[in-house]
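The values are calculated or read from the model by the stated rules, or taken from the named source; none is laboratory data. Predicted model only: the values in this text are computed from it and were never measured. Cβ atoms come from the backbone with ideal geometry, glycine included; neighbour counts cover every protein chain shown. For accessibility, only protein heavy atoms count, side chains too; no ligands or nucleic acids. Shrake-Rupley method; radii C 1.70, N 1.55, O 1.52, S 1.80 Å.
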Amino acid sequence: MIGALMDYGALCTKAKALYGKRLRLADFNRIAACHDVAEVAEYLRGHPAWSASAQRLTGGVYIGRLELELALWQQFREDYRSLLHFVPRGDKALMAFPVLLQEQRAILSALRRLQAGHPLSTPQAVVHSALDWKGLLNCTDLDRLIAAASRTIYAPALQRLRPSGGGLPDYATAEILLRSVYFSHMYRIIERTYAGQVRQVLLRAYGEQIDLLNLIHILRLKTYFPGQRDYLPLLFPFNYHLRPPLIQALCAAPDADGVFALLRDTPYAKAFEHVEVSEVEDYYRRAFYRFNRQQLLSGPPSIFAAVAYLNLKELELRALVGMVEAVKYGVPCDLSFAQLMGE
């Protein structure tokens, strides 16, 4: 315990200090009352968690939804860089996870752009990234997309996705494969680097995430694509509580009610009592939030404090982006998740 405190005490203190600046329910309510995106940016200029990002949007710069969103992502990256100063050398591989996720999102965004035949926004370049961001932004076909990602962990998977007859791969297949590459990469790092309680927490964090994502996929397919028969190519090939025989049984269930019935004998039983299919994704997000918050505030000193903080920061960012979009288009803001995060 003393060794962990010496190695991770400063990192944990920094992560908790950053988390202490988060948006509270009163902030979300105030943002929901804004009349336009510029007013949201003005409010964020005075908030300690997001002031640096909003300060960039001054001096006559046009402030639209996209401009503010890009500035908010830049703030996330700055928080990430500030934590890296306190990360021991042996944890650097694990702490590359935000970069790997942003590379994955950017590749998928470029693929959507190619399939749609019109431009889509691409995230700003990320420090320490192996992705050729300029090449990705300007790619006009799959070959150039693959070339832009040639130094990333996703390169071999992109090569496998190349259709034999030319053209573009199926997007759903590409998404599952690239996300599986990410999870495989993280599992290898955990297996190679960590032991004891830290290893258990990391495996639980990723394992429960994958279990719930697979459940979401299965329930959606049962509900919205009842004719689908081959589920396994659309699932992540990993498991935690949901072992392979159970996954096969869930896929073979006649409908969503059959899936829920099979979950009664799993650690997820209580969570899915009286839950509709449309609510499962919200449960996943809430469970992910609560787990990371508990580990950050109450867990022992470890690298997971930084992981948990970045997960919480991204959840806050996505909730904030959703509210910016609601303000932009004049629709009511959904404050349900904000109420949870505003505790």
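Given the criteria under 20 Å from residue 292 (Cα atoms), in contact with a helix residue (DSSP H, G or I) (Cβ under 9 Å, 6 or more places away or on another chain), part of a helix (DSSP H, G or I) and without any contact (Cβ under 8 Å) to a residue 24 or more places away in the chain, does residue 160 qualify? Spelling it out, it is not the case that residue 160 is under 20 Å from residue 292 (Cα atoms), in contact with a helix residue (DSSP H, G or I) (Cβ under 9 Å, 6 or more places away or on another chain), part of a helix (DSSP H, G or I) and without any contact (Cβ under 8 Å) to a residue 24 or more places away in the chain.
Among the residues of the range 299-314, those identified as open to solvent by 10 Å² or more (accessible area, probe 1.4 Å) and not polar (S, T, N, Q) are 299, 300, 301, 314. Which members of the range 191-222 meet the condition of being out of contact with any Leu (no Cβ under 7 Å at 6 or more places or on another chain), open to solvent by less than 60 Å² (accessible area, probe 1.4 Å) and under 16 Å from residue 283 (Cβ atoms)? Answer for the range 191-222, where residues must be out of contact with any Leu (no Cβ under 7 Å at 6 or more places or on another chain), open to solvent by less than 60 Å² (accessible area, probe 1.4 Å) and under 16 Å from residue 283 (Cβ atoms): 208, 209, 210, 212, 213, 215, 216, 219.
Of all residues in the range 26-48, those that are in contact (Cβ under 8 Å) with a residue 60 or more places away in the chain and open to solvent by 20 Å² or more (accessible area, probe 1.4 Å) have Cβ atoms under 9 Å from Cβ atoms of residues that are assigned to a helix (DSSP H, G or I) and among the basic types (Lys, Arg), 6 or more apart or on another chain, in 36/328. Would you be able to say whether some residue in the range 301-319 is modelled with pLDDT under 90, closer than 19 Å to residue 72 by Cα and either in a loop (DSSP other than H, G, I, E, B) or of a type in the set (A, V, I, L, M, F, W, C) (or both)? Within the range 301-319 (the criterion being modelled with pLDDT under 90, closer than 19 Å to residue 72 by Cα and either in a loop (DSSP other than H, G, I, E, B) or of a type in the set (A, V, I, L, M, F, W, C) (or both)), the answer is no, since none of the residues qualifies.
Please go through the range 42-68 and give me each residue that is assigned to a loop (DSSP other than H, G, I, E, B) and either under 15 Å from residue 79 (Cβ atoms) or modelled with pLDDT under 80 (or both), ordered by number. 47, 48, 49, 50, 56, 57, 58, 59, 60, 61, 62, 63, listed by residue number. Here residue 168 meets each of (1) outside any helix (DSSP H, G or I); (2) open to solvent by less than 60 Å² (accessible area, probe 1.4 Å); (3) of a type in the set (A, V, I, L, M, F, W, C) with one exception, condition (2). Can you report the number of residues in the range 280-293 which are of a type in the set (Ser, Thr, Tyr) and surrounded by fewer than 17 Cβ atoms within 10 Å (Cβ to Cβ)? Going through the range 280-293 one residue at a time, the tally reaches 1. Taking the range 294-310 as the range and being closer than 22 Å to residue 89 by Cβ, within 18 Å of the chain's Cα centre (by Cα) and of a type outside the set (A, V, I, L, M) as the test, the residues that pass are 304, 309.
Just one of the numbered conditions (1) at pLDDT below 95; (2) among the basic types (Lys, Arg); (3) within 19 Å of residue 293 (Cα to Cα) is not true of residue 14: (1). The residues of the range 166-203 that are closer than 24 Å to residue 232 by Cβ and among the charged types (D, E, K, R), listed by number, are 170, 175, 179, 188, 191. Kindly indicate whether any position in the range 248-264 is at pLDDT 85 or above, part of a loop (DSSP other than H, G, I, E, B) and closer than 30 Å to residue 341 by Cα. No, because not a single residue in the range 248-264 is at pLDDT 85 or above, part of a loop (DSSP other than H, G, I, E, B) and closer than 30 Å to residue 341 by Cα.
If you check residue 342 against the conditions, is it small (Gly, Ala, Ser), over 30 Å from residue 7 (Cβ atoms) and at pLDDT 85 or above? Against the criterion (small (Gly, Ala, Ser), over 30 Å from residue 7 (Cβ atoms) and at pLDDT 85 or above), residue 342 does not qualify.
The single condition among (1) touching a His at 6+ places or on another chain (Cβ under 7 Å); (2) surrounded by fewer than 12 Cβ atoms within 10 Å (Cβ to Cβ) that residue 266 does not satisfy is (2). Checked against the criterion of being surrounded by 14 or more Cβ atoms within 10 Å (Cβ to Cβ), under 17 Å from residue 18 (Cβ atoms) and out of contact with any Cys (no Cβ under 9 Å at 6 or more places or on another chain), the candidates 296, 317 yield just one match: 317.
With respect to residue 70, determine if the residue is over 18 Å from residue 332 (Cα atoms) and either open to solvent by 70 Å² or more (accessible area, probe 1.4 Å) or aliphatic (A, V, I, L, M) (or both). Considered against the rule, which asks whether it is over 18 Å from residue 332 (Cα atoms) and either open to solvent by 70 Å² or more (accessible area, probe 1.4 Å) or aliphatic (A, V, I, L, M) (or both), residue 70 comes out as yes. All told, residue 119 meets the bar of being modelled with pLDDT under 95, part of a loop (DSSP other than H, G, I, E, B), open to solvent by 60 Å² or more (accessible area, probe 1.4 Å) and within 29 Å of residue 52 (Cα to Cα). Of all residues in the range 146-165, those satisfying the criterion of being surrounded by 13 or more Cβ atoms within 10 Å (Cβ to Cβ) and either modelled with pLDDT under 95 or touching a strand residue (DSSP E or B) at 6+ places or on another chain (Cβ under 7 Å) (or both) are 161, 162.
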